[in-house]
Each structure stands twice: as C-alpha cells, then as structure tokens.
Amino acid sequence: SPSTAAAAPKYRNLSSIDWSLGPHFASATVRYVSGVMDDYAIAVTASTSARVKSWTVLDLQYAYAFGKDERYRVTLGAINVFDRAPSSAKYTGYLSSVADPFGRQSYVRLDARF
C-alpha cells in the first residue's frame, strides 16, 4: 500500500563560508537535499524507478555596516542565485520536502542597532 507520509530526503546538508573585513561582510551558502523515491508515481505505476532528483542551490549575501559605531547595516542578497528549478515529481510537479518552486529571489535589507 502506498505511503501517506511526505517523502523524506535521507540527506539535507548546508555548507557556508563567511568573510568579513571592517564594515564589509560576505557569505556564500550551498544547500543540498538528496533525491527521494516519488511515492505517488510508485502508487500509480507500480514502478520503483520513479525518482525525484537531488537539488543543490547557491545563496549569496553582502552587507556593509555604516554610521556612528557601525549602527546601520545594508544587506544585498540572492537565494538560489542560478535560478535552479526543482526536480520534477509526478503528481505535484515538485516535492516541497526536496525543493521549493520560487526560483531566484533577491533582497535588500536595512538593519539598525539601538
């Protein structure tokens, strides 16, 4: 009988490198989620070869602190820099336990310390 639980990847890894010098800060993060069996495809086709592939994305961020005592900080960043699409799944198009469908997301943030 088919499983009713969401497909859970065996591996979910994150590697990050950070750099800072004075008011400058930068980081790069690689996110990896291993592939899983497509439970829906197994239930429908009775085949064990249906598989949702692994997903790897790169996130980048740069921040600059300024003002008296570096009180303010502006941050520029991008999630999923290379706009990597999620791997295909039979029923939903993608599995949220493996990837997200949002593609590249850019942001600007302003922080203040008081």
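Rounded to the nearest 20 debye, the dipole magnitude of the chain is 20 debye, with +1 charges on Lys and Arg beta carbons, -1 on Asp and Glu beta carbons, and the Cα centre as origin. Of all lysines in the structure, those lying under 27 Å Cα to Cα from Lys10, and not within fewer than 8 positions of it along the same chain, are Lys53, Lys90.
Taking Cβ atoms as reference points and 15 Å as the exclusive limit, the residues near Pro86 contribute a net charge of +4, counting Lys and Arg as +1 and Asp and Glu as -1. Here the sum of -39500 (n - 2.57) over DSSP H runs of 4 or more residues, divided by the residues of the chain, equals -1500 deg cm²/dmol at 222 nm, to the nearest 500. Whole-Hz Karplus values for the stretch 66-78 come out as 8, x, 4, 6, 6, 5, 10, 9, 10, 10, 10, x, 9 Hz, taken residue by residue from phi with 6.51 cos²θ - 1.76 cosθ + 1.60 and θ = phi - 60°; glycine and proline positions read x. What the chain shows is 69 Å² of accessible area per residue, with the surface traced by a 1.4 Å probe over protein heavy atoms. In this structure the amide hydrogen of Tyr94, modeled in the peptide plane, comes within under 5 Å of the amide hydrogens of Ala89, none closer than 5 places in sequence on its chain. Across the chain, C-alpha contacts under 8 Å between residues 6 or more apart give a mean separation that, scaled by the residue count, equals a relative contact order of 23 percent. As a calculated quantity, the FRET efficiency between Tyr72 and Arg104 at R0 = 30 Å, using C-beta atoms, amounts to about 0.65.
The values are calculated or read from the model by the stated rules, or taken from the named source; none is laboratory data. Nothing here was measured: the structure is a model prediction, and the numbers come from that model. Neighbour counts run over all protein chains shown; Cβ positions are idealised from the backbone, glycine included. Quick note on the areas: whole protein, heavy atoms, side chains included, nothing else; ligands and nucleic acids left out. Shrake-Rupley method; radii C 1.70, N 1.55, O 1.52, S 1.80 Å.
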